[in-house]
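**Student:** Starting off with a structure, shown below.
The values are calculated or read from the model by the stated rules, or taken from the named source; none is laboratory data. What you see is a predicted model, and the numbers here were worked out from it, not measured in a lab. Cβ placement follows ideal geometry from the backbone for every residue including glycine, while neighbour counts extend to all protein chains displayed.
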Ligand code: NAP
């Protein structure tokens with residue numbers, strides 16, 4: 001599946017965090033296939049190397065930037081390098097995230113809580129803080145922040161993860177309000193269960209584990225990272241020009257009946 005025939009990002013610059021794996025990698029590839037120059041950002045050097053190779057194989061253009069998205073200075077440095085290399089910033093997909101080990105509120109350790117909030121939520125604030133001025137400098141842009149089905153419904157033993165993802169949704173809406181009249185659109189994206197390394201860790205990678213989680217999906221399958229990538233490109237494209245402050249659910253009806 002490719003999104004290249006539908007969306008045209010020629011001459012545009014996209015910045016994707018968590019681009020070394022899963023949803024972020026698929027989205028970086030989709031932006032590149034659609035003609036964008038793509039800054040790929042991740043904490044994993046190995047993941048970045050593989051994503052860069054896949055973009056090169058498509059004939060696309062990328063810049064690999066190792067950064068920890070919980071660190072303001074590292075995000076700013078990655079964005080500065082992006083603009084130095086490609087001249088501008090048009091689209092950002094703030095997507096890097098981690099899972100939380102299952103634990104009740106009583107058993108959730110302070111360390112687990114701090115970690116999941118820092119990687120999943122604080123990072124989105126820091127990214128937008130440094131991205132918005134760069135987008136304002138070239139007349140606007142579009143930001144998509146990765147929330148989750150866990151940003152739509154409460155999930156037992158996932159209080160930290162759910163809090164982080166509900167927070168991403170709200171932060172996206174507030175940013176959308178603050179910059180709607182200055183040409184910057186901000187949306188949250190709430191994927192259902194998507195077949196990535198994160199989900200493989202969650203299911204233990206076994207057929208039984210996969211079957212158990214697929215039971216939560218009314219469509220009877222997991223989503224593909226490419227299906228989420230296509231949604232990100234839509235939200236960042238001219239086709240999404242009137243959509244801002246929205247939390248778009250792409251989840252095979254996982255949360256529809258709740
Ligand atoms: P993934 O395959 O684990 O990819 C996440 C990437 O982010 C990895 O390359 C990871 O590197 C990187 N990363 C982790 N911490 C980072 C940090 N501090 N700074 C920079 N990069 C960091 O996960 P995914 O499934 O694609 O998930 C992507 C996003 O979608 C996450 O925000 C997740 O919460 C959300 N989401 C996923 C699903 C799903 O079903 N898969 C559903 C809803 C929402 P390492 O591998 O080295 O840690």
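**Student:** Residue 46: within 9 Å of the ligand (Cβ to nearest atom), surrounded by 24 or more Cβ atoms within 10 Å (Cβ to Cβ), in contact (Cβ under 8 Å) with a residue 24 or more places away in the chain and in a helix (DSSP H, G or I), yes or no?
**Tutor:** Working: within 9 Å of the ligand (Cβ to nearest atom): yes; surrounded by 24 or more Cβ atoms within 10 Å (Cβ to Cβ): no; in contact (Cβ under 8 Å) with a residue 24 or more places away in the chain: yes; in a helix (DSSP H, G or I): yes.
No: the conditions fail for residue 46.
**Student:** So in region 180-189, with the set limited to residues that are touching a helix residue (DSSP H, G or I) at 6+ places or on another chain (Cβ under 9 Å) and surrounded by 13 or more Cβ atoms within 10 Å (Cβ to Cβ), which one is farthest from residue 134 (Cα to Cα)? Don't jump to the end; show me each part of the working.
**Tutor:** Within region 180-189, the subset touching a helix residue (DSSP H, G or I) at 6+ places or on another chain (Cβ under 9 Å) is 182-189.
Those left that are additionally surrounded by 13 or more Cβ atoms within 10 Å (Cβ to Cβ): 183-189.
Details: 183: 12, 184: 11, 185: 14, 186: 14, 187: 18, 188: 20, 189: 22 Å.
In this case the residue turns out to be 189.
**Student:** Going through 142, 180, 175 one at a time, which residue ends up being away from the ligand (no atom under 13 Å from the Cβ), under 17 Å from the mean Cα position of the chain (by Cα), touching a residue at least 40 places away in the same chain (Cβ under 8 Å) and part of a helix (DSSP H, G or I)? Give the derivation first.
**Tutor:** On the way: 142 fails: part of a helix (DSSP H, G or I); 180 fails: under 17 Å from the mean Cα position of the chain (by Cα).
Only one candidate qualifies: 175.
**Student:** Among the residues of region 17-43, how many are near the ligand (Cβ under 7 Å from one of its atoms) and outside any helix (DSSP H, G or I)? Quick ask: steps written out before the conclusion?
**Tutor:** Of the residues in region 17-43, the ones near the ligand (Cβ under 7 Å from one of its atoms) are 17-18, 20-24, 41-43.
Among the residues that remain, those that are also outside any helix (DSSP H, G or I) are: 17-18, 20-21, 41-43.
Adding up the residues that qualify gives 7.
**Student:** Another question, if that's okay. Give all pairs with beta carbons closer than 7 Å in which a residue from region 197-210 that is farther than 21 Å from residue 25 by Cα meets a residue that is within 13 Å of the ligand (Cβ to nearest atom) and part of a helix (DSSP H, G or I); count only pairs at least 6 apart in sequence or on separate chains.
**Tutor:** These pairs meet every condition: 209/203; 210/203.
**Student:** Against the conditions (1) surrounded by fewer than 15 Cβ atoms within 10 Å (Cβ to Cβ); (2) away from the ligand (no atom under 15 Å from the Cβ); (3) under 24 Å from residue 25 (Cα atoms), where does residue 237 fall short? Just the number, please.
**Tutor:** Residue 237 satisfies all of (1) surrounded by fewer than 15 Cβ atoms within 10 Å (Cβ to Cβ); (2) away from the ligand (no atom under 15 Å from the Cβ); (3) under 24 Å from residue 25 (Cα atoms) except (1).
**Student:** Looking for something more than 17 Å from residue 248 (Cα to Cα) and either surrounded by fewer than 17 Cβ atoms within 10 Å (Cβ to Cβ) or in contact with a helix residue (DSSP H, G or I) (Cβ under 9 Å, 6 or more places away or on another chain) (or both) - is there at least one such residue anywhere in region 161-174? Walk me through it before giving the result.
**Tutor:** So in region 161-174, the residues more than 17 Å from residue 248 (Cα to Cα) come out as 161, 163.
Add one more test, that the residue is either surrounded by fewer than 17 Cβ atoms within 10 Å (Cβ to Cβ) or in contact with a helix residue (DSSP H, G or I) (Cβ under 9 Å, 6 or more places away or on another chain) (or both), and what stays is 161, 163.
Taking every residue of region 161-174 in turn, at least one turns out to be more than 17 Å from residue 248 (Cα to Cα) and either surrounded by fewer than 17 Cβ atoms within 10 Å (Cβ to Cβ) or in contact with a helix residue (DSSP H, G or I) (Cβ under 9 Å, 6 or more places away or on another chain) (or both).
**Student:** Return the residues of region 213-245 that are touching a helix residue (DSSP H, G or I) at 6+ places or on another chain (Cβ under 7 Å) and either touching a residue at least 60 places away in the same chain (Cβ under 8 Å) or not in a loop (DSSP other than H, G, I, E, B) (or both); say none if nothing qualifies.
**Tutor:** Those that are touching a helix residue (DSSP H, G or I) at 6+ places or on another chain (Cβ under 7 Å) and either touching a residue at least 60 places away in the same chain (Cβ under 8 Å) or not in a loop (DSSP other than H, G, I, E, B) (or both): 213, 225, 226, 228, 229, 230, 232, 233, 234, 240, 244, 245.
**Student:** Look through 248, 177 and report the one residue that is modelled with pLDDT of 95 or more, in contact with a helix residue (DSSP H, G or I) (Cβ under 9 Å, 6 or more places away or on another chain), within 26 Å of residue 125 (Cα to Cα) and surrounded by fewer than 20 Cβ atoms within 10 Å (Cβ to Cβ). Break it down stepwise before answering.
**Tutor:** Details: 177 fails: in contact with a helix residue (DSSP H, G or I) (Cβ under 9 Å, 6 or more places away or on another chain).
After ruling out the rest, the residue left standing is 248.
**Student:** Can you tell me which of (1) at pLDDT 95 or above; (2) closer than 21 Å to residue 146 by Cβ is the one residue 1 doesn't meet?
**Tutor:** (1)
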